[in-house]
Amino acid sequence: MDRVIPVVVIKDISETDGLISALKRGGINCAEITFRTACAEDAIKYAAKNYPDMNIGAGTVINGEQCERALKAGAKFIVSPGLSVEVAKICKEKNVPYYPGCVTPTEIMQAIELGFSVVKFFPANVYGGLKALKALSGPFPQLKFIPTGGVDLTNLKEFLSFDKIYAVGGSFMMKGDIEANCKAINEIIKETESL
């Protein structure tokens, strides 16, 4: 299981190799390529083909049409900023993991009704961070979260130490030295696993 899901924005297809290989060298075998750039589909196709052992997914997928295109390009999982029933249906039919964004109890209840046990919590820093996740875990003990937004190397250990965190998402490792950031993340993951 991937404990950290890098959110990767690729603005030009030529950036794909450099970014994905840096993650891999740093020991992170997962990338959520956002579907909000013109070359996103091609970048997913390239990454899925050239890095078959990596878990390449599509992020910022907001409707069924984008979901179909992302899956056709080779995405192994789908992430949305909110919950799309249409995307949920497509992913369920194709047996592909879908992580919808849910921050309110109503959204979480809708996700549970649709059969979800893991949801994205975005933007985590705006909606109360770890404190909010701990509060939401009370009425929804069956759920795990992927907080995204506001998570970085300074608070990663705190997030990962909470047993209701499935993984954390973010672009914090994509700033500066990607490989070094990923190695630092893996050290933090090891520390939390030994707790």
### Query
Quick one: if the Förster radius is 30 Å, what FRET efficiency do N50 and E86 give, using the C-beta to C-beta distance and rounding to 0.05?
0.50
### Task
In nm, give the distance between the simple-model label positions of D42 and E187, each being 7 Å from the Cα along the Cα-to-Cβ direction.
3.8 nm
### Solvent-accessible area per residue, Å², over the range 113-195 with all protein chains present [probe radius 1.4 Å]
49 Å²
### Query
How far apart, in nm, are two points set 7 Å out from the Cα along the Cα-to-Cβ line at K76 and at S14?
2.9 nm
### Query
Once you put a point 7 Å from the Cα of E65 and another 7 Å from the Cα of K157, both along the Cβ direction, what distance in nm separates them?
4.8 nm
### Message
Which residue fluctuates most in the GNM of the chain (Cα springs below 10 Å): P139, P100, P123?
### Response
P139
### Query
Can you pull the percent of the range 1-117's accessible area that's carbon plus sulfur, 1.4 Å probe, other chains left in place?
51 percent
### Task
Quickly estimate the mean residue ellipticity at 222 nm for the chain, helices only: each DSSP H run with n ≥ 4 gives -39500 (n - 2.57), and the total goes over all residues, rounded to 500.
-12000 deg cm²/dmol
### Task
Under a 10 Å cutoff between Cα atoms, tell me which one of G176, G64, G129 has the largest fluctuation in the Gaussian network model of the chain.
G176
### Query
What ranking, highest mean first, results for peptides 81-92, 154-165, 31-42 when packing means the other Cβ atoms within 10 Å averaged over each residue?
31-42, 81-92, 154-165
### Query
In the Gaussian network model of the chain, springs joining C-alpha atoms below 10 Å, which of M109, M54, M174 carries the largest mean-square fluctuation?
M109
### Query
Which listed residue (F145, G170, L19) has the Cα farthest towards the positive end of the charge dipole for the chain, taking +1 on Lys and Arg C-beta and -1 on Asp and Glu C-beta about the Cα centre?
F145
### Query
What is the chain's relative contact order, in percent, from Cα pairs under 8 angstrom and six or more apart in sequence?
20 percent
### Whole-number accessible area per residue in Å² for the range 1-80, which is evaluated in the context of all protein chains at 1.4 Å
41 Å²
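The values are calculated or read from the model by the stated rules, or taken from the named source; none is laboratory data. Since the model is a prediction, treat every value here as computed from it, not as a measurement. FYI the Cβ positions are ideal-geometry reconstructions off the backbone, even for glycines, and counts take in every protein chain you see. Only protein heavy atoms, including side chains, enter the accessible area calculation; ligands, DNA and RNA are left aside. Shrake-Rupley method; radii C 1.70, N 1.55, O 1.52, S 1.80 Å.
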